[in-house]
Every structure is written in structure tokens, then in C-alpha cells.
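Notes follow the structure.
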Amino acid sequence: MSKNVVMVGAGVANVNAATKLIDNGFKGKITIIDMGKDPYLRPYEEVMTGFLGAGGWSDGKLTYHTAIGGHLSKYCGEEKAMELFDQVIDNFKRFHPKPEEVQCSNPIAEPEFIKPHFGLRLFPVWHVGTDYLHEIGKNWYDFLVDGGVDFIWETKVTDIDFEDQIVHFEDGYEPLVEGLKYDKLIFGVGKSGIDFGKVLAEKYDLPTEPKPVQIGVRFEAPQKHFQKLIDVSYDFKLYRKFEDKGVSLRSFCTNNNAAYVAVEETYGDHSYNGHAKKDEAFRNDMTNFGILMEVKGIDKPFEWSRELVSKVNAHGTGLYYSPSRKPSSTSEGVDVSAHQIDWMGLQTVSEHFQGYFEYISDFINDMKKVFPTLGDDWGIYIPEVKYLSPEPLVDYSNLAISGYPNVHFVGDALSARGITVSGAQGTYVAEDILKNEVGGTDEEEWCYYSGMPSPGAYKNESSI
């Protein structure tokens, strides 16, 4: 039985894990440690650390398909993955101040005008609304605190002893300077903690699976140029593949109507993302989305990405290029932090991308063919990056790392690339903890805890 569960990171994965445990009457102690702040103290612009992590604080779209955001179904199968997705979405509705406004878009037809130049992935997306995320965070946090969860804020975990099962904190955290013992550990760090996960993997010689580079730009333009596609699919996914080159591209995280570019700071460098507001008061009639490349075959892809991001930062921030526009403003009304470059500066960027930037240029040029009014009325923020360190190999049944059955990796630490997948991974681990909490000896009791049908539920049904 797991009397003491410690979670590193207060992002979507661990918040959903803690919620699953509390909902099912978990009798042990739950402690969550995070470098950031609780939702009452966390500033709107602090998007990397704190309660609900990066995605849950700034992105109100929950993708609803197993082909997007990481390969959850490879661990638990398609049916179970979708069930876990439902639990995550239900939690966002549950703590939403206006749950009736959570809507699902489900485009089903690929328009003909896209086909000559791009593929278009169509899948359901639940729209929570960025405007509501901070209130959701507060409601959710209050629930967990009332349920007995202990949070340790503004604290950096410096080491984890997998052998003696101890989490060590920064020297400044005196009350627990000797460390915190755990029976179960859920390691759910976000982008800011990926380096730490890599250190642990090397320290314990964990078998890993290399992940490809994921890097590109954040594209922004007036919404009117894309409206005919937005009418088909709000969060559209344009894509193309060059299998012989090991390169694929996709548009990612599309925002419309009240769409804003957001700055992220990781390892001291700036990169870009985007979000959308639901309140009409924020409407700016803009569209932004990432144009991300996945590049396979690069030696040490994590280090390669880190070096590239550093090279395309200047004057303490990222870069902006446009044939005709200036950087836009944030939802708080201040200019997006970016150093504007000209055509010659863009050639330097291309050199830093080591030949891969031409794929992004071609992607933009073909968008101008598909959306003929676009012309030069666009800009790109450089770079957008998804740091994917080598993924630890895990037990598919509970995401425990090799050799340490009481240590579970979730979220960005397990190469999840979205809110729904991260939350589902956390829920998946919590279900395993609950199963062991009842000792695995009473199947009826486990079914009660997990919400699954009891073994006799279908005993009167005829077999087919």
C-alpha cells in the first residue's frame, strides 16, 4: 500500500492524478512540490511554472484524439486512452465557472482547396476558454487543499534518491532539508524540468528511447485570410511529410478571434507559443499557430535544439520577421517581447537552422497559394520549440520506470505534448496506485474505487 505519495511538478498530469486519488478516498498522504506559485499568487504572465503548469494556465484547448499530443494509446490501448481523456475533460468542466460554455468542435470533411498543397488532420477539440483557466485553477486548487493535499511552492527539487526513496530540495528550504520520504513518486515536471529528468536518467542509467527534434516558428496573421479554413476546423492542423529526408511539418495550436502570441522562457532563452481569449472584449481578429518541424536522425537532438534556440535569441529575447508588419501586443496590452529582424537577419536564422529552415519557408509560400489574400500580411516569431529529451522506457501498465516500480514518469517527462495526454497519464498512474491501495485482493473493492464495472456486472448477459 502507498501511504505517502510525492508528486514533483504541479502541472496538469499531477493535478489530475491527485484529483483521482482524492475522489476515490485515498487514505495516504499526498504532497506536490513545484518551483512556481499557487493560482492565487501566480501572475498571468508567469506561464512556465506553477499550478496547472504551462498548458493549463495559458491554453484552453483540449485535443480529443489519440494521434495528437503523444502516444498514450501505446501504453493502454485506444479504448482506455479515450476513457482517460474523458476524465481529464470532465475535470476541466467540473471546476469551470461556466461549464456550459465548454464546447467541442468536430470537423469531418477535408476541404478540396487544401489538398493540392497540404494534408489536413481533422479531430475533435474541446474548447475550455483561456479566459477561464485561472478561475478553474483556483477552484481546482481549493478542492485539492480541502481534500488534504499538501503543496510546497517556490521550491526546486535538486535530487531524487530512487534507492532510499527520498526527494531532496534546494538548500534554502530548511524545514525539509533532509529530504522527503515517499512510497510512490510521480515525476511530472514540465518544460522547465526536462533537464532534471535527463540528469536522473543518466544518474540511474535508465534505458531511454531517443526522440526527434521539434522546432519551428509561431506564425501570426489577420484572421480574415484563414477564415474559410477556420469555418471548417477552428484548431486546424496542416501537415506535410518528407519521409526520405526524415522531416515532417505541421501547424500546431491554432488560435483565432482573440488570439495572442505568448513568450516562454526556458533555460534563460525566449521561445514562443500562443493562446486565445474567449471574452469578446479581447477580440483582435488575429490568428496564430506554430509551424513545427519534426526532424529525425539528428545526433543528440535535445542538445541540438538547445543550441539552436540560443543562437536565434538576440538582445535578451527571441526574433520577429515580417515583410510588412510589426510585432503584436499581448492580451495585457504590452508589446510581445521580440527583436525585429530584416531579410538579411532571416538569412542568418536560416543558417542557424542548418538547412532545415527552407521547409518552413516553403510551408509559408504554399500557404500564400492556398490563401491568396495572405500575401505579405504575416509575421513569424522565432523560435517555437518543444524540448523532448530521450523518453525513459516504462512499464506500460503503470508508467513506472525500469528497475523502480514505485517511480512513475508522466507529462513532459514522458514526452506528452498536450494537456489532455498529460492529464490522462497522471490519471492512469493514480488508478494503479488505487488498485494497489486495496491490496489487489478484493476485485469488487477495486472496481468500486476505480469506477470500473464489477466482475459480476455482466454475468446475466449472453455471450456473443
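The values are calculated or read from the model by the stated rules, or taken from the named source; none is laboratory data. Just so we're clear, the structure is a prediction, and the values are computed from it rather than from any experiment. Neighbour counts run over all protein chains shown; Cβ positions are idealised from the backbone, glycine included. The accessibility values were calculated without ligands, DNA or RNA, using every heavy atom of the protein model including side chains. Shrake-Rupley method; radii C 1.70, N 1.55, O 1.52, S 1.80 Å.
Using only helices, what value at 222 nm comes out for the chain when you add -39,500 (n - 2.57) per DSSP H run of length 4 or more and divide by the total residues, to the nearest 500 deg cm²/dmol? If you can, show how the numbers build up before the last one.
Values: 12 runs with 127 residues, N = 464.
The helix contribution divided over the chain gives -8000 deg cm²/dmol.
Relative contact order of the stretch 327-429, please, whole-number percent, based on alpha carbon pairs below 8 angstrom and at least 6 residues apart. Can you show the working numbers first?
Working: 64 pairs, mean separation 13.6, N = 103.
Contact order relative to length: 13 percent.
Distances between placed amide hydrogens fall under 5 Å for Ser329 paired with Val336, all partners being 5 or more residues away or on another chain. Computed log10 I(q)/I(0) for the chain at 0.10 Å⁻¹: -0.73, from the Debye equation with unit scatterers placed on every C-alpha and solvent omitted. For the stretch 405-413, backbone phi angles converted through the Karplus equation (6.51, -1.76, 1.60; θ = phi - 60°) give residue-by-residue couplings of x, 9, 10, 10, 9, 9, x, 4, 5 Hz, Gly and Pro being listed as x. For the stretch 186-235, the number of Lys pairs with C-alpha atoms closer than 24 Å, counting only pairs eight or more positions apart or on separate chains, is 4. Amide H contacts for Lys237 (H built 1.01 Å from N in the peptide plane; partners 5 or more residues away or on another chain; cut-off under 5 Å): Arg121.
Approximating the spin labels as points 7 Å out from Cα along Cα→Cβ, the Asp395-to-Lys80 distance works out to 1.2 nm.
Panel note: the C-alpha atoms of the stretch 94-218, placed on their principal axes, show extents of 62, 40, 26 Å (largest first).
Distances between placed amide hydrogens fall under 5 Å for Phe409 paired with Phe187, Ile401, all partners being 5 or more residues away or on another chain. Once the 1.4 Å probe is applied to the protein heavy atoms, the chain comes out at 42 Å² accessible per residue. Zone of Thr208 (label point 7 Å along Cα→Cβ, backbone N under 12 Å): which residues in the stretch 293-335? Within reach of a label on Thr208, which here means backbone N under 12 Å from a point 7 Å along Cα→Cβ, the stretch 293-335 contributes 300-304.
In the chain, the DSSP beta bridges split such that about 75 percent are antiparallel, to the nearest 5.
Each principal axis of the Cα atoms in the stretch 198-309 has its own extent, and those three values, largest first, are 51, 35, 22 angstrom.
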